[in-house]
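Just below is one structure, and these are the notes that go with it.
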Amino acid sequence: MTEVRSVGERVEYLLAALRSGVADPAATAEELVGLLVGLYGDGLARIVAVLADAGDPGAAIMTALTQDPLVESLLLLHDLHPLDVDARVQQALDRVRPYLGSHGGGVQYLGVTDGIARLRLEGSCHGCPSSVVTVRLAIEGAVLD
């Protein structure tokens, strides 16, 4: 609780400095954002820990939360998402596989290297110039989401 109080005091100090015109606005705003993001991230980490300690009911809640795009983005921002990058990419590909299958194709996930997901197009998607663009856009959209 002392940490929350000290962060709150620092936020108040920085806001007062901005209001008075004494502070460098860019640096002060950057520090404010960092403090607030850190505070909210710490709170979110505690929520995730409570859910993890709650067993199956907590896991069910966490699964539901990760399916909400806003909550999922916050979990990712604070490195709290329960699934690793491989599992998240697989989930994204699972969302586009029906579309690919309807065009006689598929995709195989080969892994992530240096932040780049490696995929292999299968079936009629492999080697078809027009399908490569369409498939690429579908897969990129799913993975980015």
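The values are calculated or read from the model by the stated rules, or taken from the named source; none is laboratory data. All values reported here derive from a predicted model rather than from experimental measurement. FYI the Cβ positions are ideal-geometry reconstructions off the backbone, even for glycines, and counts take in every protein chain you see. Each accessible area value is taken on the protein alone, full model and side chains, heavy atoms only, with ligands, DNA and RNA left out. Shrake-Rupley method; radii C 1.70, N 1.55, O 1.52, S 1.80 Å.
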*Where the accessible area of the chain is counted over protein heavy atoms with a 1.4 Å probe, how much of it, in %, is carbon and sulfur?*
61
*GNM on the chain, C-alpha springs below 10 Å: top fluctuator among Gly104, Gly115, Gly58?*
Gly115
*Put Tyr40, Tyr99 in order of accessible area, largest first, 1.4 Å probe: what do you get?*
Tyr40, Tyr99
*Enter the accessible area per residue of the chain (Å², integer; probe 1.4 Å; all protein chains in place).*
67
*asked:* I'd like to know how the chain sits against the 2.2 N^0.38 Å rule of thumb: what's its Cα Rg over that expected value?
replied: 1.48
*Tell me the label-point distance for the pair Ala49, Val112, using the 7 Å Cα-to-Cβ offset, in nm and rounded to one decimal.*
2.5
*Estimated FRET transfer efficiency (Ala60, Val85; beta-carbon r; R0 35 Å; 0.05)*: 0.95
*How far, in degrees from 0 to 90, does helix 85-102 lean away from the longest principal axis of the Cα atoms of the chain, to the nearest 10?*
40
*Distance in nm between pseudo-label sites at Arg95 and Ala17 (7 Å out along the Cβ direction from Cα)*: 4.1
